Amino acid sequence: QKEVEQNSGPLSVPEGAIASLNCTYSDRGSQSFFWYRQYSGKSPELIMFIYSNGDKEDGRFTAQLNKASQYVSLLIRDSQPSDSATYLCAVNRYNFNKFYFGSGTKLNVKP
Amino acid sequence: SAVISQKPSRDICQRGTSLTIQCQVDSQVTMMFWYRQQPGQSLTLIATANQGSEATYESGFVIDKFPISRPNLTFSTLTVSNMSPEDSSIYLCSAMEKSGANVLTFGAGSRLTVL
């Protein structure tokens, strides 16, 4: 079983819609959760991180965490073509200081 | 957040040769890591670069193939030894900062093509 699982997509949404990206993880000891965006040919860049159950909002982005269900999601409101990228979910356990990445979900926002 | 510089950004190498990738961070960081990203794939952790001591390798990666150095808090190197075409990949240096949230920042990556 993979540490972090994501649907590879592609997920296609029209411009202005809400894009919903999902991620599940296997290690209940995971304590921090991250969403990275990776444009083609570029390195990953951090969008958001979340530690506590519930929602965390930053501009058009909302991260949602449900530790009981071992589920993390990222919502992108008012999606723009510039949001088209691969979104990587990552989890971390403080005591191991390792970050495990999912395979990424490719998002296409159509004008 | 920390700014990470990696070089070379890309290289084309011959089979059997070795290449060293350098990673420089502009601030002191607690942890430095090396990842590999093969075409169309996600990131695979190669090793944690430990300051002044041997790196900690993940399953499937060995020191003879991927020797790593970290002489101080801001600099690390990864060598890909005796390269084969299967080593063609993007190699990413990353760091976790000393203060604030435990987030990873990545360098721009080094794209290696082995012929």
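The values are calculated or read from the model by the stated rules, or taken from the named source; none is laboratory data. These numbers were taken from a predicted model, which means no experiment stands behind them. When we count neighbours, we look across all protein chains shown, and the Cβ atoms used for this are built from the backbone with ideal geometry, even at glycine. Side chains included, ligands, DNA and RNA excluded: accessible areas come from the protein's heavy atoms. Shrake-Rupley method; radii C 1.70, N 1.55, O 1.52, S 1.80 Å.
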Accessible carbon and sulfur surface of the protein assembly as shown relative to its total accessible area, %, 1.4 Å: 47 percent
Report, as an integer, the average count of C-beta atoms from other chains found within 10 Å of each Cβ along A:101-109. 2
Could you calculate the contour length gain from A:Leu75 to A:Glu3, that is, 0.36 nm times the residue separation minus the distance between their Cα atoms, to one decimal place in nm? 23.8 nm
Expressed per residue, the solvent accessible area of chain A in Å² (1.4 Å probe) is about 48 Å²
Taking the Cβ-Cβ separation of B:Asp11 and B:Phe75 as r and a Förster radius of 25 Å, what is the calculated FRET efficiency to the nearest 0.05? 0.80
How about chain B: what cysteines have no other cysteine beta carbon under 4.7 Å from their own? B:Cys13
With every protein chain in place, the residues of segment A:33-47 shedding 30 Å² or more of accessible area versus the chain by itself (probe 1.4 Å) are A:Tyr36, A:Gln38, A:Ser43, A:Pro44
Accessible area of B:Lys65 in the full protein assembly, 1.4 Å probe (Å², nearest 10): 50 Å²
Per residue, what volume in Å³ does the convex hull of the Cα atoms of the protein assembly as shown enclose? 122 Å³
For segment B:28-46, which residues drop by 40 square angstrom or more in accessible area between the chain on its own and all protein chains together (1.4 Å probe)? B:Ser42, B:Leu43
Where a ≥ b ≥ c are the square roots of the eigenvalues of the C-alpha gyration tensor, would you call segment A:21-63 rounded, which needs a/c under 1.5, or, failing that, prolate if a/b is larger than b/c, or oblate? oblate
Cα-derived Rg over Rh, computed across chain A with Rh taken as Kirkwood radius: 0.96
With Cβ to Cβ distances under 13 Å as the rule, what net charge do the other residues near A:Glu45 carry (K, R +1; D, E -1)? +1
With DNA, RNA and ligands ignored, accessible area of B:Phe61 (1.4 Å probe; Å², nearest 10): 20 Å²
For chain B: Kirkwood Rh in Å [reciprocal of mean 1/r, alpha carbons]: 14.0 Å
Take the Cα of A:Glu15, step 7 Å along the line toward its Cβ, and report every residue of segment A:76-111 whose backbone nitrogen sits under 18 Å from that point. A:76-85, A:107-111
A plus B alone minus the pair: what accessible area, both sides summed, probe 1.4 Å, in Å² to 100? 1400 Å²
